[in-house]
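Structure record follows, encoded as structure tokens.
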Amino acid sequence: MNKAFKLIRILTIAPICAIGLIIITFLQNPSMYSSPLQLLYSLVFLGVFPVLAYPIQHIIPRYKNEGRNGQRELAMIFAFAGYVLGGIYNFAFFSSSELWMIYLSYIICGMLIFVFNKAFSWKVSGHACGVAAPCIMLICFRLPYPAIFYALLLVLVFISSIRLQRHTIMQLAGGVIIACIVCVTLKFILL
């Protein structure tokens, strides 16, 4: 059973959920993207770039022998760099307000999780935030059926994280709360 819970956690990492969000929004509302190239860049900045941290960890001397903690830290760095690069791309090519909402949600959520986890030592689940944010954004974009799918994934993340003792219910709830506050605030500002 633990293997199933580990698989759930792997398949629901933030970059994979972001890739799903980008594909769903492109299929449901292609006008959010000015061109297929913008779709490709979004997949790279939000999905591929953050995942690069995992294979690259073994190459960078500082993180090579750090284990899971080093992997987490490097993943946060790569994810945030991808989000910022995507934001710069959005700025340069006058992206839609929906796409701005997606990028700003990831940037702000990433910063808040970093601040809570590092500065305040309040462990907030980036994993839960990475599943909750696409769910909330899909609701904001009036795409309820894909949002239900993400909500079900979030339930699985809660169950697997608690069973594997990776997070407490409060840490998971903290990630969801950050996603809710950021996404809803940005909806009222941008949409």
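Given that just one value was derived from the coordinates, which of (1) 10.8; (2) 12.1; (3) 14.3 is mean projected area of the Cα convex hull in nm²?
Label of the calculated value: (1).
Roughly how many debye, to the nearest 20, is the charge dipole of the chain about its Cα centre, given +1 on each Lys and Arg Cβ, -1 on each Asp and Glu Cβ, and no other charges?
Around 600 debye, computed over the chain.
Only helical DSSP H runs with n ≥ 4 go in: add -39500 (n - 2.57) per run for the chain, normalise by residue count and round the 222 nm mean residue ellipticity to 500 deg cm²/dmol.
Working: 10 runs with 142 residues, N = 191.
After summing the helix terms and dividing by residue count, I get -24000 deg cm²/dmol.
Within the chain, which complete DSSP H helices have Cα atoms spanning at least 27 Å along the helix axis and a mean Kyte-Doolittle hydropathy of -0.5 or higher?
Long hydrophobic helices here: 67-92, 144-163, 169-190.
With just the Cα atoms defining each centre, how far is segment 1-74 from segment 85-111? Give it in Å.
16 Å
Report the convex hull volume per residue for segment 3-58, counting only C-alpha atoms, in Å³.
Spread over its residues, the Cα hull of segment 3-58 gives 76 Å³ apiece.
Once both labels are modelled 7 Å past Cα along the beta-carbon direction, what's the ASN69-ASN2 spacing in nm?
That separation, rounded to one decimal, is 2.1 nm.
Run the reach check for LYS64 against lysines, Cα to Cα strictly under 28 Å, same-chain hits fewer than 8 apart removed. What comes back?
Here the lysines satisfying the reach criterion relative to LYS64 are LYS3, LYS6, LYS118, LYS123.
Using r as the Cβ-Cβ distance of GLN165 and TYR54, and R0 as 22 Å, what FRET efficiency do you calculate, to the nearest 0.05?
After rounding, the FRET efficiency stands at 0.55.
Over the chain, average the accessible area per residue using a 1.4 Å probe and give it in Å², no decimals. Present the calculation step by step, with values, prior to reporting the outcome.
Values: 10230 Å² over 191 residues.
In whole numbers, the chain has 54 Å² accessible per residue.
The values are calculated or read from the model by the stated rules, or taken from the named source; none is laboratory data. Owing to the predicted nature of the structure, the values given are computational and were not obtained by experimental measurement. Positions of Cβ are backbone-derived with ideal geometry, glycine not excepted, and every protein chain shown enters the neighbour counts. Heavy atoms of the whole protein, side chains included, go into the accessibility calculation; ligands, DNA and RNA do not. Shrake-Rupley method; radii C 1.70, N 1.55, O 1.52, S 1.80 Å.
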